[in-house]
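In what follows, a single structure is set out as structure tokens and then discussed.
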Amino acid sequence: MKVLVIGANGRVGSLLIKKLATQHQVVAGSRHAKPINNSGNVEHRYIDLLDDVNSITESTNGVDAVYFVSGSRGKNLLQIDLHGAIKTMQAAERVGAKRYILLSSVFALQPEHWKESFLNDLTDYNIAKHYADLYLTTQTQLDYTILQPGALKEEQGTGKIETNVTSPGANSIANVVATLVAILEDDSTIGKVILMQDGDTPIHDALHSVRIT
């Protein structure tokens, strides 16, 4: 399978590429001109989320699945986190890449939670994620999975998470990446919005406990 990772140079994307490249042919999509990984299973492609959908579509050709793990870190939420994401969904549909996995944010589709804990300071970010998630679930025919973790931390992964999330929690980046990889291999995650935080349940088991929304 040829898998495109959009946001290849980010904290999540760089680790995700390394994990995926052990099993798949990976396309690392970013605005940086130089490859970030020397593996023979990794191909670099220039993708600028500020470009129009036609340009992004050209860079999406030939892939079977798309991950969107890019983000502006609050600097350009409308054009990157929202519209940039939507353009990649449109591009995926144009080239026939049915599988699409979106990294979002905990409770992005549940505004009633946006005043809780650290989310209270991220309203604009939550709005951008909300409408990107909503577009994917209602305006596309993609075989989507949306992963919604809480705060990301530079901690060692445990391989154990919880998906029965009732309040904003924390996640090691390694656990988020391992969950993203597991989602691609598990067709039962198609059509699901999965909230997560670090926990005590092995990732595979936690994914199977999620119902289709």
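What follows draws every value from the coordinates through simple rules; no lab data is involved. Just so it is clear, the model here is predicted, and its values are computed rather than measured. Heads up, the Cβs are rebuilt from the backbone with ideal geometry, glycines too, and the neighbour counts pull from every protein chain shown.
Remark: pairs (first residue in the range 95-124, on the phi > 0 side of the Ramachandran plot; second residue among the acidic types (Asp, Glu) and outside any helix (DSSP H, G or I); Cβ separation under 8 Å; 6+ apart in sequence or on different chains) = Phe107/Glu116. Of the strands (runs of 3 or more DSSP E) lying entirely inside the range 1-98, those carrying at least 2 residues that are closer than 20 Å to Thr145 by Cβ and not acidic (Asp, Glu) are 2-6, 25-30, 65-68.
Surrounded by 19 or more Cβ atoms within 10 Å (Cβ to Cβ) and either closer than 23 Å to His24 by Cα or under 15 Å from the mean Cα position of the chain (by Cα) (or both): is that true of Ile146 in this structure? When the stated conditions are applied, Ile146 passes them. Entry remark, the range 45-57: residues being touching a His at 6+ places or on another chain (Cβ under 9 Å) and either buried (at least 18 other Cβ atoms within 10 Å of the Cβ) or free of Cβ contacts under 8 Å to residues at least 12 places away in the same chain (or both) number 1 in total.
Looking at (1) out of contact with any Leu (no Cβ under 7 Å at 6 or more places or on another chain); (2) among the β-branched types (Val, Ile, Thr); (3) part of a helix (DSSP H, G or I); (4) within 21 Å of Gly71 (Cβ to Cβ), which is the only condition Thr138 fails? Thr138 satisfies every listed condition except (4). Take Thr60 and decide whether it is within 22 Å of Ser14 (Cα to Cα), touching a helix residue (DSSP H, G or I) at 6+ places or on another chain (Cβ under 9 Å) and either touching a residue at least 12 places away in the same chain (Cβ under 8 Å) or surrounded by 21 or more Cβ atoms within 10 Å (Cβ to Cβ) (or both). For Thr60, the condition - within 22 Å of Ser14 (Cα to Cα), touching a helix residue (DSSP H, G or I) at 6+ places or on another chain (Cβ under 9 Å) and either touching a residue at least 12 places away in the same chain (Cβ under 8 Å) or surrounded by 21 or more Cβ atoms within 10 Å (Cβ to Cβ) (or both) - is met. For Ala132, the stated conditions do not hold, so it cannot be described as crowded, with 19+ Cβ neighbours inside 10 Å, over 30 Å from Thr22 (Cα atoms) and within 18 Å of the chain's Cα centre (by Cα). Which members of the range 163-213 meet the condition of being farther than 22 Å from Val12 by Cα and among the polar types (S, T, N, Q)? Passing the criteria: Asn164, Thr166, Ser167, Ser188, Ser209, Thr213. Criterion applied to Ser117, Ser188, Ser104, Ser167 was being out of contact with any helix residue (DSSP H, G or I) (no Cβ under 8 Å at 6 or more places or on another chain) and among the small types (Gly, Ala, Ser), and the one residue passing it is Ser117.
Inspection of the range 188-206 identifies at least one residue that is outside any helix (DSSP H, G or I), surrounded by 16 or more Cβ atoms within 10 Å (Cβ to Cβ) and among the acidic types (Asp, Glu). What about Ser209, is it among the small types (Gly, Ala, Ser) and touching a residue at least 24 places away in the same chain (Cβ under 8 Å)? Yes, satisfied. Of all the numbered requirements in (1) of a type in the set (Gly, Ala, Ser); (2) more than 21 Å from Ser70 (Cα to Cα); (3) out of contact with any Ser or Thr (no Cβ under 6 Å at 6 or more places or on another chain), Ala170 misses one, and that requirement is (2). Among the residues of the range 158-213, the ones that are more than 14 Å from the chain's Cα centre (by Cα) and of a type in the set (Lys, Arg) come to 2 in all. Of the residues Thr145, Thr179, the single one that is part of a strand (DSSP E or B), within 27 Å of Gly84 (Cβ to Cβ) and among the hydroxyl-bearing types (Ser, Thr, Tyr) is Thr145.
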